[in-house]
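Some notes on the structure that comes next.
The values are calculated or read from the model by the stated rules, or taken from the named source; none is laboratory data. If you're wondering where the values come from, they're calculated on a predicted model, not measured in any experiment. Because the Cβ atoms are built from the backbone with ideal geometry, glycine has one as well, and the counts that use them run over all protein chains shown. We work out accessible area using only protein heavy atoms, side chains counted, and drop any ligands, DNA or RNA first. Shrake-Rupley method; radii C 1.70, N 1.55, O 1.52, S 1.80 Å.
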Amino acid sequence: METAAIQIRRRSSLLPALLFVVSVVGAFELGSRLMNYVQEEFGTEAHQRLENWQRLHALAANAPIDRQLRLVNSFFNRVTFVSDIRHWGEEDYWATPVELLTTNGGDCEDFSIAKYLTLKSMGVPDDQLRIVYVKALELNQAHMVLAWYPEPDADPLILDNLINDIKPASQRTDLEPVYSFNGEGLWLNQSGGARTRIGEAGRLSRWQELNSRLTESLRP
């Protein structure tokens, strides 16, 4: 039996309606077409989650950065964790924030991407944000989190769906960074905490595909 999320994947014609826009100036838009569609196809609860997201943006857009981080982290951590294969019908699918909220399910990549794009839309500079692929040592599995750097070489704060507390990376000894990326580049983590830029984030096929879908939503 197909889940609602898999049904979304099968209906390629509605993908543009299921995306939200983050422009270079931090614009945030959930159009009436999208909201009406979600209400009709997914019901009041899905519609309410998107409305709550809009309220979050209005509430936190001009707030201090520490409050923005806390609000965005706790908001998305309320979404149900579901594996990609169960939720989307494939091994590794990177969802947009609207897909995450509409279906009320996603995995660590989806949580991290949603937090990253939402904070960007609130005006947090891209060079302060990095999505980080890590190994969760206690779980012995791959994981993804969002890091916020107050300064380029600072100990970043980690936004994680595994815990609601936002802690410095130095206190997250359960996470071993592998690589990180944002809209500006891709970095490889090395022993001793050093990070080496190895190119553009477009080298990551899933990131490139996600951004292509976001770009498609901007076309008439």
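What to note about this one:
- Residues in the range 80-97 that are buried (at least 20 other Cβ atoms within 10 Å of the Cβ) and β-branched (Val, Ile, Thr): Thr96 alone.
This table checks each residue for (1) open to solvent by 50 Å² or more (accessible area, probe 1.4 Å); (2) under 18 Å from the mean Cα position of the chain (by Cα); (3) modelled with pLDDT of 55 or more.
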{"position": "Ile8", "(1), (2), (3)": "no, no, no"}
{"position": "Leu14", "(1), (2), (3)": "no, no, no"}
{"position": "Ala27", "(1), (2), (3)": "no, yes, no"}
{"position": "Asn36", "(1), (2), (3)": "yes, no, yes"}
{"position": "Glu40", "(1), (2), (3)": "yes, no, yes"}
{"position": "Glu45", "(1), (2), (3)": "yes, no, yes"}
{"position": "Gln54", "(1), (2), (3)": "yes, yes, yes"}
{"position": "Ala60", "(1), (2), (3)": "no, yes, yes"}
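- Within the range 150-193, the set of residues being more than 22 Å from Phe76 (Cα to Cα) and hydroxyl-bearing (Ser, Thr, Tyr) comprises Ser170, Thr173, Tyr179, Ser191.
- The set of residues in the range 167-182 being assigned to a strand (DSSP E or B) and open to solvent by less than 30 Å² (accessible area, probe 1.4 Å) consists of Leu175, Ser180, Phe181.
- Residues of the range 119-159 satisfying the condition of being surrounded by 14 or more Cβ atoms within 10 Å (Cβ to Cβ), part of a loop (DSSP other than H, G, I, E, B) and touching a residue at least 40 places away in the same chain (Cβ under 8 Å): Met122, Val124
- Search result, residues across the range 64-105 that are in a helix (DSSP H, G or I), closer than 16 Å to Met144 by Cα and of a type in the set (Phe, Trp, Tyr): Phe76
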